[in-house]
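Note sheet for the following structure.
The values are calculated or read from the model by the stated rules, or taken from the named source; none is laboratory data. Computed from a prediction, not measured in an experiment: that's the story for all the values here. Glycine gets a Cβ as well: all are built from the backbone with ideal geometry, and neighbour counts include every protein chain shown. Side chains are part of the model used for accessible areas, which takes the heavy atoms of the whole protein and leaves out ligands, DNA and RNA. Shrake-Rupley method; radii C 1.70, N 1.55, O 1.52, S 1.80 Å.
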Amino acid sequence: MEVGYQVIAGSGLVVGFALISPTGYRLVSDFRRSDGIHMVDSTEDGDYRLCFDNSFSKLSEKMVFFEVNINSESSSVGGSNEWENMAITESMGEYNMEDIRAQMDSVYQHLERSRQILAVLRAREARGRYLLEDNLWRVSFWSCLSLLVMLFVAVTQIYTLQRLFDDTKRVCT
């Protein structure tokens, strides 16, 4: 069994993680990590528990992408019963049905793994987009604040220079 997770959004982008067996033993434990991939031999039958802990950051919520892949040697592609009943014609005599089935199973497994990798890449892209948008907001905020400070300093300097050259003594002739 392969368990992977990644924090996509939230302050700090870290969570605690634990994988607990059906009998209650802690198999994997991470503390304050932003992502992780763990391979575990699932020797026990039952429900495994995935626990994500955000107790150290109670005020902020997190968005976590996770996936669980169960790699089983005995699993086969659905629809293999169709191959059992298929009649072999003369043009197909040179091909072994077991070879064709094995090739199709291999293609299916590769496509399934590609789908899983694409899901992980989508999660990473979403995390990057979230960080980008968050950083854009911060940069825009501090840029506006700097602009306001510069305008205030400019107005103050202009006022000070005008007061310096302001002639308060008038001579009547």
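Applying the criteria of a DSSP loop state and at most 15 other Cβ atoms within 10 Å to the trypsin sites (Lys or Arg not before Pro) of segment 1-73 yields Lys58. In order along segment 13-24, phi translates into HN-Hα couplings of 6, 9, 9, x, 9, 9, 10, 10, 6, x, 8, x Hz, rounded to whole numbers, per the Karplus curve 6.51 cos²θ - 1.76 cosθ + 1.60 with θ = phi - 60° and x for Gly and Pro. Other residues lying with their Cβ under 12 Å from the Cβ of Tyr25 contribute a combined charge of +1, Lys and Arg counting +1, Asp and Glu -1.
Were the residues from Asp53 through Arg138 laid out at 0.36 nm apart, the gain over their Cα-Cα distance would be 27.9 nm.
For Cys144, the accessible surface of its heavy atoms amounts to roughly 80 Å² (probe 1.4 Å, protein chains only, rounded to the nearest 10). Computed 3J(HN,Hα) for segment 117-129, one whole-Hz value per residue from the Karplus formula 6.51 cos²θ - 1.76 cosθ + 1.60 where θ = phi - 60°, is 5, 5, 5, 5, 5, 4, 5, 5, 5, 5, 5, x, 5, glycine and proline marked x. When nucleic acids and ligands are ignored and a 1.4 Å probe is applied, Arg163 ends up with an accessible area of around 150 Å².
Backbone geometry of segment 37-50 corresponds, through the Karplus equation with coefficients 6.51, -1.76 and 1.60 at θ = phi - 60°, to 3J(HN,Hα) couplings of 10, 10, 9, 9, 7, 8, 8, 9, 8, x, 9, 8, 10, 9 Hz, x marking Gly and Pro. Take Val139: with every protein chain present and a 1.4 Å probe, its accessible area is about 90 Å². Neighbours of Ile37 by Cβ distance under 10 Å: Lys/Arg scored +1, Asp/Glu scored -1, total -3.
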